[in-house]
Structure formats: structure tokens, C-alpha cells
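Structure, as C-alpha cells:
The values are calculated or read from the model by the stated rules, or taken from the named source; none is laboratory data. Computed from a predicted model, the values in this text were never measured in an experiment. With ideal geometry, Cβ positions are generated from the backbone for all residues, glycine too; neighbour counts draw on all protein chains shown. Calculation scope for accessible area: heavy atoms of the full protein, side chains included, ligands and nucleic acids excluded. Shrake-Rupley method; radii C 1.70, N 1.55, O 1.52, S 1.80 Å.
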Amino acid sequence: MASRIHRVEQHKVAVPGIEAMTLVSNHQFPRHSHEQFGIGVIAFGAQRSWSGIGSVSARAGDVIMLNPGEIHDGAPVDGRARGWRIIYLDPATVAREVREEFAGQVEIVRPVARDPLLAGHFAELFRCLTAAEPDSLAREENLLRSLMCLLRRHGMARPAPSGSSPGVRKAIERLDSAPEAHVSLAELASLSGVSRFQLLRGFAREVGITPHAYLVQRRVCLARRLLADGQTPAQAALLAGFADQSHMTRAFARQLGITPSRYRVAIV
């Protein structure tokens, strides 16, 4: 069995609403989502991912992309480590940058693309964002150029969500409204007007993960915001609804690839 390889660097970025990471890993990420848009490039190796359009593969040079809230996972091909760099952008940041060219919300339609032009724009943007002495004008230009290239080639206006079934939607709304609060499957089923098993089966089919897995990822997202606001890992664990800090640390690292402590040092 191959030994575990997992190296991650959370870069300091001076622009609010943007994060940048470099990863080398043979770790398999479970199904999860992020609150941000993501765009990255595979540097070496290859990975397979589950996405909203089915299973996709990405190899060295490919651009990987995701929408806020989009369920996905990631596994190395043949267990071999792959390396990638990725930038996460808050939806409000993207909307502000492209509002002169795109009306309303936007959506990325391809999780993986072989696009050398976009990959080149990404590389220059990543360099500007992570430079020790950033040039604000160059950073602004490269951010706008990269987003416009991304959305013109691989994006579209986001349609009104067709949505989940009413029962599943009620369960999601409950979990989103207070992820830190205790909840039972019976409570969610009662809200949804179905049996516990019907909810469990329907939720997993429509969302891609179970209600518990969805709740854990929402707590991780809440913990990430709390850490970025200056809370300690212990405080974030308590406020996000985790049983203790160790439970949060395991969930946080599984989903985001970095421990809460290292994330806080890089962000705060």
C-alpha cells in the first residue's frame, strides 16, 4: 500500500474574498462542496472526480472548476499523488468583478477543461495573488482577465434553480439555517412530510450525500468563516456545533485539505 502523501500550503492573499492553495496529495477527498467558486490547474499526476455531470478526469495541464455549493469529490488515479494549485473566490467577489459584463448570477458549466489560454491566465493570476510584494494594478488586471476568460469560455447565466423536491428542499433549508444546532433525522423527516427512510433515500439521490454528511460540510463552512473572523479553533468548533475541536479538525482537514490551525495562521 502506498504511503500517505499530503502537503498543502495556504498562501497569504491580501485581497478579501480570495484564497489560494498549493497541494500535493494522494488523499481521497469525500463528497463535499465549497461556498466559493474554484478554479485551479493540475500541475502533475491525474485525478478522478464525481460531479454534477457524472465522473470526470483531470490530468496535468487541465483546468479544474467548480461552482459554490456544487457537490464533488476527488481521488488520485492509481493512488499516485497529484499536484495542483487552486484559487477560491467568494461569489460576491466574482459578481463585483464581472458585473459590467454579466448581468445576474453566473455558473461554470464544465468541471474540467483542456484550455491552455485559461491555464495561462490562471498561472499569472496565481503569481500576482501570492507575490511577496504584490502589484495591485497587475493583480486587478489579471483577476478581471481570468474571470472573463473563464466565464466567456466555460460559463453561462445561472438559470433559476429547478430545485430539489419540496421535502428535500425543506430539509436543506433547516440544515442551512442553523448548522450549529442539533438535529435528528426524525425532525427533518417531519419537516419534509415523509418517513425517515424516504428522506434519507431522497436526500442522497438529489443532493449526492446524506443529510449527516451535508450537515458536517455546512459546519465546516461555518467554522472556516469563524476562523477567518479571528476565532480560535476551539471557539470555532464550539460555535459551529462540533462535539469538540478534534472532531472539527478531522472534518475540516478531510474536506478542505488543511487543518483549522494552519488555515487560521494563513488567513488571519
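All Cα-Cα distances of the chain, cut into 5 Å bins from zero to the largest, leave 1, 6, 12, 16, 18, 18, 15, 10, 4, 1, 0, 0 percent in each bin in turn.
Contact order normalised by length for the chain, with contacts defined as Cα pairs under 8 Å and 6 or more residues apart; what percent is it?
Values: 459 pairs, mean separation 45.1, N = 268.
Across the chain, relative contact order equals 17 percent.
Ranking HIS182, HIS6 by solvent-accessible area of protein heavy atoms (1.4 Å probe, all protein chains present), from largest to smallest, gives HIS182, HIS6.
Could you tell me whether region 115-268 comes out rounded, prolate or oblate from its Cα gyration tensor? Rule is a ≥ b ≥ c as square roots of the eigenvalues, rounded for a/c under 1.5, then prolate if a/b exceeds b/c, otherwise oblate.
Working: a/c = 3.07, a/b = 1.46, b/c = 2.10.
Oblate, since a/c reaches 1.5 and b/c is not below a/b.
Applying 1/(1 + (r/R0)^6) with R0 = 41 Å to the Cβ-Cβ distance of HIS247 and ARG96, what FRET efficiency is obtained, to the nearest 0.05? Result of the calculation: an efficiency of 0.70. Among 79-92, 42-55, sorting by the average number of other beta carbon atoms lying within 10 angstrom of each residue, highest first, gives 79-92, 42-55. Each Lys or Arg adds one and each Asp or Glu subtracts one; over the other residues with Cβ under 9 Å from the Cβ of ASN26, this totals +3. Computed extension length for LYS12-ARG169: 52.8 nm, one decimal, from 0.36 nm per residue of separation with the Cα-Cα distance subtracted. The protection proxy used here, the mean number of other Cβ atoms lying within 10 Å of each residue, ranks peptides 140-151, 101-112 as follows, highest first: 140-151, 101-112.
Assuming 0.36 nm per residue, please report the length gained on full extension of the stretch ALA132 to ALA204 beyond their Cα-Cα distance. Don't skip to the end; give the middle numbers.
On the way: separation 72, 0.36 × 72 = 25.92 nm, distance 4.42 nm.
This chain segment gains 21.5 nm when fully extended.
For region 91-136, which trypsin sites (Lys or Arg not before Pro) are in a loop by DSSP, counting at most 15 other Cβ atoms within 10 Å?
Numbers: sites: ARG96, ARG99, ARG114, ARG127; in loops: ARG99, ARG114.
Those that pass, being in a loop and sparsely packed, are ARG99, ARG114.
Take 257-264, 25-32, 215-222, 11-18 and order them by the average number of nearby Cβ atoms within 10 Å per residue, most first; the result is 215-222, 257-264, 25-32, 11-18. For VAL106, the residues whose modelled amide H falls within less than 5 Å of its own, excluding neighbours fewer than 5 places apart on the same chain, are ARG158. Model label sites at GLN105 and ARG145, defined 7 Å from Cα along the beta-carbon direction, differ in position by 3.1 nm.
In the chain, helical runs assigned H by DSSP with n ≥ 4 each contribute -39500 (n - 2.57); averaged across all residues and rounded to the nearest 500, the mean residue ellipticity at 222 nm is -14000 deg cm²/dmol.
Once you order the gyration tensor axes a ≥ b ≥ c over the Cα atoms, which shape class does region 1-132 get: rounded for a/c under 1.5, otherwise prolate or oblate by comparing a/b with b/c? Working shown, then result.
Working: a/c = 1.80, a/b = 1.40, b/c = 1.29.
Prolate, because a/c is 1.5 or more and a/b exceeds b/c.
The spacing between region 152-217 and region 28-99, judged by their C-alpha centroids, is 22 Å.
Specify whether the C-alpha gyration tensor of region 1-65 places it in the rounded, prolate or oblate class, a ≥ b ≥ c being the square roots of the eigenvalues: rounded for a/c under 1.5, otherwise prolate if a/b is larger than b/c and oblate if not. Oblate, since a/c reaches 1.5 and b/c is not below a/b. Within the assembled protein chains, the solvent-accessible surface assigned to HIS72 is about 30 Å², based on a 1.4 Å probe. In this calculation the C-beta distance from ASP78 to ARG114 is compared with R0 = 25 Å, giving a FRET efficiency of 0.75. What FRET efficiency comes out for the pair ASP176/ARG153, r = Cβ-Cβ distance, R0 = 25 Å, nearest 0.05? Once the sixth-power term is evaluated, E becomes 0.20.
Accessible area per residue was computed with a 1.4 Å probe on protein heavy atoms; ASP229 scores about 130 Å².
Work out, step by step, the length gained on full extension between ASP229 and ARG196: first 0.36 nm times the residue separation, then minus their alpha carbon distance; give nm to one decimal.
Working: separation 33, 0.36 × 33 = 11.88 nm, distance 3.66 nm.
Taking 0.36 nm per residue and subtracting the Cα distance, the gain is 8.2 nm.
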